[in-house]
1. Tell me, which helices (runs of 4 or more DSSP H) wholly within the range 6-76 include 3 or more residues that are within 16 Å of the ligand (Cβ to nearest atom) and at pLDDT 95 or above?
2. Please find, among Leu214, Leu232, the residue that is free of Cβ contacts under 8 Å to residues at least 40 places away in the same chain and either within 16 Å of the ligand (Cβ to nearest atom) or over 15 Å from the mean Cα position of the chain (by Cα) (or both).
3. Kindly indicate which of Arg277, Arg206, Arg270 is within 28 Å of Pro159 (Cβ to Cβ) and open to solvent by 30 Å² or more (accessible area, probe 1.4 Å).
4. Restricting attention to the range 337-349, does a residue exist that is open to solvent by 50 Å² or more (accessible area, probe 1.4 Å), hydrophobic (A, V, I, L, M, F, W, C) and within 23 Å of the chain's Cα centre (by Cα)?
5. Can you tell me which condition Pro221 does not meet? The list is (1) touching a helix residue (DSSP H, G or I) at 6+ places or on another chain (Cβ under 8 Å); (2) not in a helix (DSSP H, G or I), and all the others hold.
6. Lys325 - would you say it is more than 11 Å from the ligand (Cβ to nearest atom), under 30 Å from His89 (Cβ atoms) and open to solvent by 70 Å² or more (accessible area, probe 1.4 Å)?
7. Six or more apart or on different chains, Cβ under 6 Å: which pairs go from a residue in the range 188-206 that's under 12 Å from Gln163 (Cβ atoms) to one that's surrounded by fewer than 15 Cβ atoms within 10 Å (Cβ to Cβ) and acidic (Asp, Glu)? Could you list them?
8. Provide a single number: the residues in the range 242-253 that are closer than 16 Å to Pro141 by Cβ and more than 6 Å from the ligand (Cβ to nearest atom).
Amino acid sequence: MAADTLLERITDYANRANPYPLYAELRDAGSVVQQADGSYMVGTYHEITALLHDPRMSADPRSRTTPSPGPSEETARLPFLRLDDPEHHRLRTLAMRPFGPPHSPGRVDAMRGEITRITAELMESFQTAPQIDIVDDFAYPLPVTVICRLLGVPREDEPLFRQWSDTIVASADVTTEEDTTERDRAGRQAREEMGAYLVGLADQHRGRPTGDMLSAFANEPDPAMRLTPEELAETAVLLLIAGHETTVNLITNGVLTLLRQREHLDLLRREPDLLPRAVEELLRYEPPVHMRERIPRTDLDVAGTTIPKGAPVVLVLASGNRDPKRFHEPDRFDPTRPDNEHLGFGSGIHLCYGAPLARLEAQAALGALIPHLSTARLLQDPPPYRQNAMLRGPRHLPVQL
Ligand code: HEM
């Protein structure tokens, strides 16, 4: 099959349940593979890592000079995830301040008890149910409740921003569709509405700090450290969406993997101390984020191919995680794997800022679920997946307890 149809096949919903053989094809086709539309794909670990750390690569969609399989965010306002330094660094630093100083027990550590309590409450609610949906009954409500609590967003408003979140995430997906005008318009509108809602909430906290992040943003005493209303909107939207769309897939993929490979379920039940390593292995083996886009600011030589300035480059993180040149037996799930420097949280200056929180949540969730899974049975395998190819995960995971 010609390499230029690879992205089409990867984004084809029919391949969502198992894109990994296509990633192997991508790596076999070369480290850098050009697509028919002039964009590029990179699927090998060392090249992806080098590009994520290369200061000549931009995360800003305005650096593109050719059409892109990614979103066409033609907006002046972008979250810092899509900005380059020095602007990215300034906003990331400001956004991280309420999380607590780096390398010290901050707000995330303080959430430990809260996460355990929310987990226990959710478990309680389905103790007697013969059948549950791991996504709707557990993996989704946990991170959403946690991020709402952290940001200071009323949990009752969740149905409202679930819709916004779905629309924004759909508009950011990688696609080979030619006309994305309507998708992009809906994404922009949802982003604006959600941003306005969050700025409104922050305004209510001004002068009345309540200990949450929106309130910390609104009451920053140092004018040099203050976010503008636009920056606050983009940052809060980014955090709320990250809290909605990623950890849910990590927890669900964890249950799916352990129910498919019961020897590991038994191992983790006997040795719960292995759980942190098992979560790292899940981030390698079944990562929630499969792809990210970058654009070179100058012509760039990568593994013998020149990628022209401005050409979109899709970095397939999930393929790098299965690269046999980097990982021994990469298609094997091994919760005791040593030297597991996966790309699940990215790498370089955009390395995931919520990683400590996501790790804590996944460890708490799987730790609570594992003792109840010994007699559990998957009711649908493969389960139905969400449409999204970039943020990939099951839409539902029905399990008989
Ligand atoms: C299992 C859960 C998660 C996964 C797999 C994940 C993955 C990632 C990845 C791969 C990136 C890098 C994107 C790039 O290089 O373009 C990233 C960035 C980011 N993540 Fe996460 N994430 C998770 C949870 C979270 C949570 C819970 C939050 C917020 C509380 C969060 C906030 C962010 C932010 C703000 C960035 C942008 C960082 C920057 O541009 O400097 N993430 N995440």
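1. Correct list: 45-53.
2. Numbers: Leu214 fails: free of Cβ contacts under 8 Å to residues at least 40 places away in the same chain.
Sole residue among the options that is free of Cβ contacts under 8 Å to residues at least 40 places away in the same chain and either within 16 Å of the ligand (Cβ to nearest atom) or over 15 Å from the mean Cα position of the chain (by Cα) (or both): Leu232.
3. From the options Arg277, Arg206, Arg270, the qualifying one is Arg206.
4. Taking the range 337-349 and keeping what is open to solvent by 50 Å² or more (accessible area, probe 1.4 Å), we get 338-339, 341, 349.
Still in the running and hydrophobic (A, V, I, L, M, F, W, C): 349.
Checking the rest, the ones that are also within 23 Å of the chain's Cα centre (by Cα) come to 349.
Yes, the range 337-349 contains a residue that is open to solvent by 50 Å² or more (accessible area, probe 1.4 Å), hydrophobic (A, V, I, L, M, F, W, C) and within 23 Å of the chain's Cα centre (by Cα).
5. (1)
6. no
7. none
8. Number of matching residues: 6.
The values are calculated or read from the model by the stated rules, or taken from the named source; none is laboratory data. Source: prediction; values computed, not measured. Note that each Cβ is placed from the backbone with ideal geometry, even for glycine, and that neighbours are counted across all protein chains shown. With ligands, DNA and RNA removed, areas are computed over all heavy atoms of the protein, side chains included. Shrake-Rupley method; radii C 1.70, N 1.55, O 1.52, S 1.80 Å.
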